[in-house]
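Visitor: Sharing a structure with you now.
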Amino acid sequence: MFTTRWREMCAYSSRVVALAIVLVLAGAMPRPIIIIGPPHHVRTVNPKMGVHTRLTDEVEEWKIQRTLALVR
């Protein structure tokens with residue numbers, strides 16, 4: 001009886017530790033793929049200029065970051 005209960009407690013505690021490790025790893029923030037430099041200052045005679053980017057259908061994070069870096 002004592003060994004059965006001991007095994008159950010060890011199994012339960014190992015599951016709790018494994019779950020804690022998974023939650024810590026899942027909550028870690030990923031590093032940015034592309035490091036964006038400082039913003040550029042642009043002088044223009046036409047202040048109504050804009051850039052259109054369609055990123056709603058883009059799935060890959062590196063493509064989104066690269067597009068935003070190029071726009072910047």
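No value in this document is a laboratory result; all are computed from the given coordinates. All values derive from a computational prediction rather than experimental measurement. Cβ placement follows ideal geometry from the backbone for every residue including glycine, while neighbour counts extend to all protein chains displayed.
Visitor: Would you calculate the separation in nanometres between label points at residue 72 and residue 53, each defined as 7 Å from the Cα along the Cα-to-beta-carbon direction?
Guide: 0.9 nm
Visitor: Then there is this: Computed from these coordinates, which is log10 I(q)/I(0) by the Debye sum over Cα atoms at q = 0.15, 0.16, 0.25, 0.26 Å⁻¹: [x] -0.75, -0.80, -1.12, -1.15; [y] -0.64, -0.69, -1.10, -1.13; [z] -0.49, -0.55, -1.14, -1.19?
Guide: [x]
Visitor: Quick check on the exposure proxy: order 67, 56 from fewest to most C-beta atoms within 10 angstrom.
Guide: Starting with the residue having the fewest Cβ neighbours, the order is 56, 67.
Visitor: Give a residue-ordered list of calculated ³J(HN,Hα) values for the range 48-56 (Karplus: 6.51 cos²θ - 1.76 cosθ + 1.60, θ = phi - 60°; whole Hz; x for Gly, Pro).
Guide: 8, 7, x, 10, 9, 10, 9, 10, 5
Visitor: Averaged over all directions, how much area does the convex hull of the C-alpha atoms of the range 32-72 cover when projected, in nm²?
Guide: Averaged projected area of the range 32-72's Cα convex hull equals 3.5 nm².
Visitor: Taking θ = phi - 60°, what integer Hz values does the Karplus form 6.51 cos²θ - 1.76 cosθ + 1.60 yield along the range 7-13, in sequence order, with x for Gly and Pro?
Guide: The phi angles translate into 5, 4, 5, 5, 5, 5, 5 Hz.
Visitor: In whole Hz, with x marking every Gly and Pro, tabulate ³J(HN,Hα) for the range 61-69 from phi via Karplus 6.51 cos²θ - 1.76 cosθ + 1.60, θ = phi - 60°.
Guide: 4, 5, 5, 5, 5, 5, 4, 5, 5
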